[in-house]
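Here is the structure we will look at, set down as structure tokens.
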Amino acid sequence: MRGSLQMISNERRPKQTIGIDRTAAIRDKEADVRMLKDEVDQKRKAENDLKKEALHWKKEWNAASKKMDKLVKTVTRAETAIEEIRAEADNNEDIQIDTTEQEEDVKDAEQALEDIKAEQEEKNAAIEEHMPAIEEATSRIEELATRNQKVSDELEEAENALEKYAQGHAKLQASVTKKEQKVEQMKDMVEKQKGDAAAKAQKADEWTDKARLLAFNRQQEKERSESQKRGEEFVAVEPTAELLEAIDPIRTTKTPASYQAKIEQGEKRLEKEKQKRALTESDPEVAFLKYKRAKQDLDEKMQQLEQIKKNIVCLTDDAKDRTKRWKQFRAHIEKNTGSIFNEILNKKGSSGELKFDHGNEEHSGTLNLCVQKDVADQCSQTNDVKALSGGERSFTTLSLLLALGENLETPFRVMDEFDVFLDPVSRKIALETMISIGKEMEHRQFIFITPQDLGSIKTDDKLKIFKMKNPKRGDVVGGPQQQTLPFGSPN
């Protein structure tokens, strides 16, 4: 059985239409795709027919091969049986056996073998006869497969090119749409800018008119003020369009933002001042009267401020003078106290010096004592009071207190146990010195308290001695009781 084969090939290459006419290129590509699909369907149909024919001949070949194998096996078995029979006949030559039936069977088998061989040869001849057709069909199948693969590749390439073109076309279309939208936006923006420019121009004209009117009013106010100063009557002029047009507003290099900021600041200050002064008046005349009163108050306050400044200058000068005199007085007290301190120590055969350090903002003031135990021996001089004995230290301290007391204005002075650590000589000198100073200062009263004996001191009208009784040491609950001085019974 021989099939009908048909092969169709399209050697035409796809047209390069990108960038020429996209609509026509798309139609050509679609037509090429349809043609290629039809050709692929035909090739596939022819391939299926050849496959069916090849399968049929393969089945025939297999059936013939099976039948031939079966006949070969039958002939082989028959030849084997004949050989066995012949061997048995040779062994039994003397035996007469009727083998006619077997010989007929052998003839039939040989005839059948011959028939099978003849049929096998016929089949082989048929196979040999159909083999070129089979090989040709196989070659055609391979060629068809190659052509189909080529067509498939071309089809895939065309589809990819079409897809790329479609994508590029979509992107281009989207870009065009976006550009058109942007153009529309720009047109709207231009229209808006035109409207804004017209509005700003109108606003600029309005502000120019306001500036001219403001300049006119300022000129009128200036002329009014000059007329009032000269004592002349001022005649106001109504602002006309011609007068305002003739005024050229002052041009400035500052930006509107700076003026706007100044306006806002002024409005804030004005609002704050209104709130501070509780001003709610909107009438210009009333506001102007209030302004005049406020201006008058301001002038008065400025005069008071000038007077206060003058008073401050006078007070500052007076404070400087007082400070200078205070420093002079302090230096006098310092010098006088040092002199008295040295005189008191001289009564004992010693000398001393007081060093005042009044300090400043960085450190506080100090007082240092320099004592020379023997006037004739400078080696006995010391700046450390701790280096003195107890009696010397007490006498020095007492001398310092007496020297300081000469410059004090207190009416009463009390000294308690001032002579506890003094030796007899120092104690005698200290008592005589204090009594002498107390008598010289009749306008002050001195009270000296001491546990020592005062029998050597003589009393007079200016010196009184009060002695407390010795405490009674008894078994009174709570111990000795407190005693008082008998002020009414002087010794």
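The values are calculated or read from the model by the stated rules, or taken from the named source; none is laboratory data. Every value quoted in this text rests on a predicted model; they were computed, and no experiment measured them. Every residue, glycine among them, receives a Cβ derived from its backbone with ideal geometry; neighbour counts consider all protein chains shown. Accessible surface areas use protein heavy atoms only, side chains included; no ligands, DNA or RNA. Shrake-Rupley method; radii C 1.70, N 1.55, O 1.52, S 1.80 Å.
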Cα extents of region 315-378 per principal axis, largest first, Å, are 51, 24, 13
Protection proxy (average C-beta count within 10 Å per residue), highest first, orders 134-142, 196-204 as 134-142, 196-204
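Would region 358-403 count as rounded, prolate or oblate if I go by the C-alpha gyration tensor, calling it rounded below 1.5 in a/c and otherwise prolate when a/b exceeds b/c, oblate otherwise? Please list the in-between numbers first.
Working: a/c = 2.49, a/b = 1.76, b/c = 1.42.
Taking the square roots of the gyration eigenvalues as a ≥ b ≥ c, region 358-403 is prolate.
With the cut-off at 17 Å, report for region 168-293 the share of all Cα pairs above it, as a whole percent. Intermediate results must be reported in sequence, preceding the final value.
On the way: 6168 of 7875 pairs.
Beyond 17 Å sits 78 percent of the P(r) for region 168-293.
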Expected vector for region 396-406, Karplus 3J(HN,Hα) from phi with 6.51, -1.76, 1.60 and θ = phi - 60°, integer Hz, x for Gly and Pro, equals 5, 4, 5, 5, 5, 5, 5, 5, 5, x, 5
In degrees rounded to 10, the 0-90 angle between helix 22-91 Cα long axis and the longest Cα principal axis of the chain is 50 degrees
Using alpha carbon positions and the Kirkwood radius, the Rg to Rh ratio of region 251-340 is 1.43
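Over 30 Å between C-alpha atoms is what I'm after, so list which of K262/K295; K203/K295; K335/K373; K66/K150; K194/K274; K37/K179 land there. Numbers along the way, then the final one.
Working: K262/K295 23 Å; K203/K295 35 Å; K335/K373 21 Å; K66/K150 41 Å; K194/K274 41 Å; K37/K179 39 Å.
The pairs that break the limit, which is 30 Å between Cα atoms, are K203/K295; K66/K150; K194/K274; K37/K179.
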At q = 0.11, 0.14 Å⁻¹, the log10 of I(q)/I(0) for the chain from a Debye sum over equal Cα scatterers comes to -1.16, -1.39
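How many percent of all Cα-Cα pairs in region 119-177 sit more than 12 Å apart? If you can, show how the numbers build up before the last one.
On the way: 1304 of 1711 pairs.
Roughly 76 percent, rounded to a whole number.
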Across the alpha-carbon set of region 335-424, Rg over Rh with Rh taken as the Kirkwood radius works out to 0.99
Note: region 143-234, point scatterers on Cα, Debye, no solvent; log10 I/I(0) at q = 0.19, 0.21 Å⁻¹ equals -0.96, -1.01
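First select every other residue whose beta carbon is under 14 angstrom from the beta carbon of K178; then total the charges, Lys and Arg +1, Asp and Glu -1.
Numbers: positive: K171, K179, K182; negative: E180, E184.
Computed value for this residue: +1.
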Whole-percent carbon and sulfur contribution to the accessible surface of the chain (1.4 Å, no ligands, DNA or RNA) stands at 53 percent
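How high is the relative contact order of the chain, given as a whole-number percent (alpha carbon pairs under 8 Å, six or more residues apart)? Display every interim value, and only then the final one.
Numbers: 266 pairs, mean separation 35.4, N = 491.
It rounds to 7 percent for the chain.
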Computed over the chain: longest principal axis from alpha-carbon atoms vs helix 256-277 long axis, angle to nearest 10 degrees, is 50 degrees
